[in-house]
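Reviewing the structure listed below.
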Amino acid sequence: MHVTRGFALATSALVLFLQLFVGAGSSAFAQEFPIKPIRFIVPYSPGTAQDIIARVMAPEMTKTLGQPLVVENRTGANTLIGYEYVAKQAPADGYTIAAVLVPDLATLPVTAKELRFDPVKDLPPIIGLAEGRYLLVSAADQPWKSLSEMSAHIRANPGKLNYGSASGIGRLSVEAVLRDAGLAVVYVPYANGAAYIKALVTGEVHMGFLAVAPVKSLGEKLRVLALTGEQRDAAMPTVPTFAELGYPQLRGLSNSINAAAGIPKPAFDKLYAAASRALKEPEVRARLTNIQMEIAEQSPEVAAKRFADEARYLAEVARKAGIQPQ
């Protein structure tokens with residue numbers, strides 16, 4: 001009897017000790033994170049929009065966190081190397097985060113054959129940051145001035161028109177608009193953006209998607225047929241949005257900060273708070289606006305839902321178009 005009671009008391013004391021120890025450890029982590037520099041992985045080349053976003057955000061987040069955010073371009077395999085590194089190779093401790101172009105990451109399951117992680121489950125967003133418009137364009141001398149006129153031209157010439165792309169999201173965006181309407185067009189892939197843009201301007205391809213910056217730089221050489229966004233762009237007031245034309249699920253080039261699933265909540269919360277505070281800085285907002293980005297801060301929950309919705313939508317577009325990972 002005394003032995004049993006003594007054992008029970010000892011067990012209770014051990015459980016209490018462990019609870020206090022774990023609680024103390026969690027509290028210590030919350031107080032200490034971060035205690036070393038944080039790696040900010042950019043799966044894109046220097047000078048790209050995602051690289052600029054990371055380099056704008058990093059100094060402001062550093063002020064809040066008290067440790068430097070070191071931007072590191074880790075490119076290759078159409079962004080797969082950088083994203084996979086953050087999702088599966090780096091420790092899930094909050095000390096490695098990724099600058100994410102959401103539609104690019106969302107399309108990996110339908111474009112990358114050797115994908116070894118689930119983007120939605122393994123690399124969730126910490127915060128949604130900003131969104132760039134995505135524009136359907138063609139050369140200015142093509143014989144149409146609107147999406148409806150182009151669609152009529154395609155119907156009158158089935159299989160004779162083509163479109164180009166240098167990315168998975170560019171291809172899927174065209175498929176979402178044209179194939180859904182039963183329009184027969186031929187896909188022409190390009191290895192890089194420069195060759196693709198040249199093909200658009202010269203009419204080598206009849207249509208395709210581009211971000212705002214290259215379209216503005218080319219001026220009157222391109223005609224904009226439609227664009228993403230909830231409202232029309234004030235700089236292009238006559239151009240309809242895809243939502244107006246019946247494609248509300250076709251969204252823009254949204255950007256976020258993501259990290260491996262399972263990082264400690266104190267680290268997650270501090271990273272979110274630092275990024276949210278950075279987005280409110282006038283200089284940050286001005287610099288993002290300068291690269292044609294609209295601030296679109298989203299909580300982790302909202303950003304995660306949007307990410308999952310976009311991944312499902314694009315997977316369905318790929319299925320209907322018969323697109324297979326390569």
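In region 70-99, the residue that is modelled with the lowest pLDDT out of those that are aliphatic (A, V, I, L, M) and surrounded by fewer than 16 Cβ atoms within 10 Å (Cβ to Cβ) is ALA77. Of the residues making up region 58-105, just one is within 17 Å of the chain's Cα centre (by Cα), in contact (Cβ under 8 Å) with a residue 40 or more places away in the chain and in a loop (DSSP other than H, G, I, E, B), namely ASN78. Search region 259-318 for residues being in a helix (DSSP H, G or I) and of a type in the set (Asp, Glu), and hand back the single one that is farthest from GLN67 (Cα to Cα). Out of the qualifying residues, it is GLU316.
If you filter region 32-69 down to residues that are of a type in the set (Ser, Thr, Tyr) and under 22 Å from ASP269 (Cα atoms), you find that the one that is surrounded by the most Cβ atoms within 10 Å (Cβ to Cβ) is THR62. Considering GLY182, GLY193, which residue is surrounded by fewer than 18 Cβ atoms within 10 Å (Cβ to Cβ) and over 24 Å from the mean Cα position of the chain (by Cα)? After ruling out the rest, the residue left standing is GLY182. Has region 129-139 got at least one residue that is assigned to a loop (DSSP other than H, G, I, E, B), touching a strand residue (DSSP E or B) at 6+ places or on another chain (Cβ under 9 Å) and over 30 Å from PRO43 (Cβ atoms)? Scanning region 129-139, I find no residue that is assigned to a loop (DSSP other than H, G, I, E, B), touching a strand residue (DSSP E or B) at 6+ places or on another chain (Cβ under 9 Å) and over 30 Å from PRO43 (Cβ atoms), so the answer is no. Total residues in region 108-120 satisfying the condition of being out of contact with any Ser or Thr (no Cβ under 8 Å at 6 or more places or on another chain), closer than 18 Å to GLY76 by Cβ and assigned to a helix (DSSP H, G or I): the figure is 2. Within the span defined as region 183-197, every residue fails to be touching a residue at least 40 places away in the same chain (Cβ under 8 Å) and within 15 Å of LEU136 (Cβ to Cβ).
The values are calculated or read from the model by the stated rules, or taken from the named source; none is laboratory data. This one's a predicted model, so the numbers in the text were calculated from it and none came from an experiment. Note that we place each Cβ from the backbone using ideal geometry, even for glycine, and neighbour counts take in every protein chain shown.
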